[in-house]
Amino acid sequence: MLEAMRTEDFTFDLPEHLIAQVPAEPRDSARLMVLRLTTREIEHRAVRDLPGLLTPGDLLVVNDTRVMAARLFGRRADTGGAVEALLVRPFTDVRWEVLFRPAKRALPGRRFVFDTDAGELSATVATREGDTVALDFDRPFDQATVGSVPLPPYIQGYHGDPERYQTVYSREARSAAAPTAGLHFTSDLLDRLAERGIDRAALTLEVGPGTFKPVTVDDPREHQLHAEHISIPPGTAEAIARAISGDRRVVAVGTTVVRTLEHVALERGQAEPYEGWTSLRILPGDEFRVVDVLMTNFHLPRSTLLMLVCAFGGTEFVLGAYNEAVREGYRFYSFGDAMLLLP
């Protein structure tokens, strides 16, 4: 049974200077707060220490999605007024769901022109609901390269390598945002994990911008998550099944991996090959059927991501750790430091 809870229970005070504006260099030099869930102890380490914190035989599961070059800048065809569109997902090869700014300009039937690396793209508004718009473009385009890689709005003025907002193991460009826990891994760190006897498997959750939106309703159980496409390939399902049958731990790199694995286990009773959609919301009191260990970044207050971490580690312990992270000067959000929750 779910605990009684309110959205305001998942808040904390964060000084603005702790919101990371640039990534750590190298990636695995980021700090790592380790939460021991059984003893309620906290350790302060670095991501490069991960091989020694995990156990040989552990299975590391990552989200191999890649961020689309999805931010388009354009103008109204009739007045020239500036607009911005963030590609979220395709409905067809020319109709896309987008987040549109300013949304009030996206009236059905109105035409816009976007300047892209592939030349000008014209689009007409098909429908609008809030700031989510369906645009009909005048031709198909390469979703991986048409625009610029979108950074979260709290990162201002970053002009570094856009690859720093991609994981080193990313594959298909299908996401509107990065699975940020994976940003800390380097090829060398992955090699050291393998040498330690820690296996790795990949799945895909195509991250949508709705995942990161703060919950605005008083009762988080009334909040609806935007559906995101997920895929577990046969090899990954087999690796997870072997780990579980061998009493080895499944280590989820990021909340997107948790939501994918737990959605499939909830629907099918176990991890198995899967292709479909999830809008799974995990709150304190929910059961975890697959994931034993969680590595994740520090998340926004009142977000479903923070609620998921509280569900995994205990609300009081996790929020206490967040307050300690603030006192210790940890860097928060997408380019920030990480947390490892161990049994």
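The values are calculated or read from the model by the stated rules, or taken from the named source; none is laboratory data. What you see is a predicted model, and the numbers here were worked out from it, not measured in a lab. Glycine gets a Cβ as well: all are built from the backbone with ideal geometry, and neighbour counts include every protein chain shown.
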Which listed residue is closer than 23 Å to D292 by Cα and not aromatic (F, W, Y), from A201, A173: A201
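Quick grid of which residues meet (1) closer than 30 Å to G320 by Cα; (2) surrounded by fewer than 13 Cβ atoms within 10 Å (Cβ to Cβ):
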site: P15; (1), (2): yes, yes
site: R45; (1), (2): yes, no
site: D58; (1), (2): yes, no
site: N63; (1), (2): yes, no
site: V83; (1), (2): no, no
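Those residues that are charged (D, E, K, R) and surrounded by 17 or more Cβ atoms within 10 Å (Cβ to Cβ), I need them from the range 89-109; list them, please. Give the steps one after another, and end with the answer.
So in the range 89-109, the residues charged (D, E, K, R) come out as 89, 93, 95, 97, 101, 104-105.
Within the range 89-109, R89, E97, R105 qualify.
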Qualifying residue in the range 328-339 (condition: surrounded by fewer than 20 Cβ atoms within 10 Å (Cβ to Cβ), under 30 Å from E163 (Cβ atoms) and in contact with a Leu (Cβ under 9 Å, 6 or more places away or on another chain)): yes
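Report yes if some residue within the range 64-83 is within 24 Å of T256 (Cα to Cα), among the small types (G, A, S) and touching a Lys or Arg at 6+ places or on another chain (Cβ under 8 Å); otherwise report no. Don't jump to the end; show me each part of the working.
Initially, the range 64-83 is screened for residues within 24 Å of T256 (Cα to Cα), giving 64-71.
Of the ones still in play, those that are also among the small types (G, A, S) are 69-70.
Subsequent filtering for residues that are touching a Lys or Arg at 6+ places or on another chain (Cβ under 8 Å) retains none.
No, there is no match, as no residue in the range 64-83 is within 24 Å of T256 (Cα to Cα), among the small types (G, A, S) and touching a Lys or Arg at 6+ places or on another chain (Cβ under 8 Å).
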Residues (more than 13 Å from A202 (Cβ to Cβ) and in contact with a strand residue (DSSP E or B) (Cβ under 6 Å, 6 or more places away or on another chain)) located in the range 217-247: A227, E228, H229, A243
Filtered residues of the range 147-187 (kept if within 23 Å of R331 (Cα to Cα) and among the acidic types (D, E)): D161, E163
Selection within the range 285-314 - of a type outside the set (A, V, I, L, M) and either touching a Gly at 6+ places or on another chain (Cβ under 8 Å) or within 27 Å of D28 (Cα to Cα) (or both): D292, T296, N297, F298, H299, P301, S303, T304, C310, F312, G313, G314
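Counting only residues that are within 21 Å of V98 (Cα to Cα), without any contact (Cβ under 8 Å) to a residue 12 or more places away in the chain and out of contact with any Pro (no Cβ under 8 Å at 6 or more places or on another chain), give me the strands (runs of 3 or more DSSP E) lying completely in the range 132-233 with at least 3 of them. First the steps, then the outcome.
Numbers: elements: 132-137, 173-175, 199-205, 228-232.
By residue number, no strands (runs of 3 or more DSSP E) qualify.
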Set V125, V113, V168: member being aliphatic (A, V, I, L, M) and either assigned by TED's automatic domain parsing to the domain that holds R259 or under 14 Å from L87 (Cβ atoms) (or both): V168
Residue among E275, E267, E287 that is at negative phi, charged (D, E, K, R) and either part of a strand (DSSP E or B) or not assigned by TED's automatic domain parsing to the domain that holds P179 (or both): E275
Any hit, the range 64-71, residues being out of contact with any Ser or Thr (no Cβ under 7 Å at 6 or more places or on another chain) and modelled with pLDDT under 95: yes
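Taking the stated definitions as given, is T211 within 20 Å of the chain's Cα centre (by Cα), at pLDDT below 90, of a type in the set (S, T, Y) and on the phi < 0 side of the Ramachandran plot?
Numbers: within 20 Å of the chain's Cα centre (by Cα): yes; at pLDDT below 90: yes; of a type in the set (S, T, Y): yes; on the phi < 0 side of the Ramachandran plot: yes.
Yes.
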Conditions (1) assigned to a loop (DSSP other than H, G, I, E, B); (2) of a type outside the set (S, T, N, Q); (3) in contact (Cβ under 8 Å) with a residue 12 or more places away in the chain: number failed by D115: (1)
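Being under 22 Å from F288 (Cβ atoms), surrounded by fewer than 22 Cβ atoms within 10 Å (Cβ to Cβ) and over 18 Å from the mean Cα position of the chain (by Cα): is that true of Q224 here? Spell out how you get there, then give the answer.
Values: under 22 Å from F288 (Cβ atoms): yes; surrounded by fewer than 22 Cβ atoms within 10 Å (Cβ to Cβ): yes; over 18 Å from the mean Cα position of the chain (by Cα): no.
Here the answer is no, as Q224 does not meet what is asked.
To keep it simple, each residue is scored yes or no on (1) outside the structural domain of G254 (by TED's automatic domain parsing); (2) in contact with an Asp or Glu (Cβ under 9 Å, 6 or more places away or on another chain).
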| position | (1), (2) |
| --- | --- |
| V22 | no, no |
| R40 | no, no |
| D58 | no, yes |
| E84 | yes, no |
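Does Y154 fit the bill of being within 28 Å of L280 (Cα to Cα) and not assigned by TED's automatic domain parsing to the domain that holds G276? Spell out the reasoning first.
Numbers: within 28 Å of L280 (Cα to Cα): yes; not assigned by TED's automatic domain parsing to the domain that holds G276: yes.
Considered against the rule, which asks whether it is within 28 Å of L280 (Cα to Cα) and not assigned by TED's automatic domain parsing to the domain that holds G276, Y154 comes out as yes.
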Only listed residue being within 21 Å of the chain's Cα centre (by Cα) and over 16 Å from P209 (Cα atoms), chosen from V146, V61, V98: V61
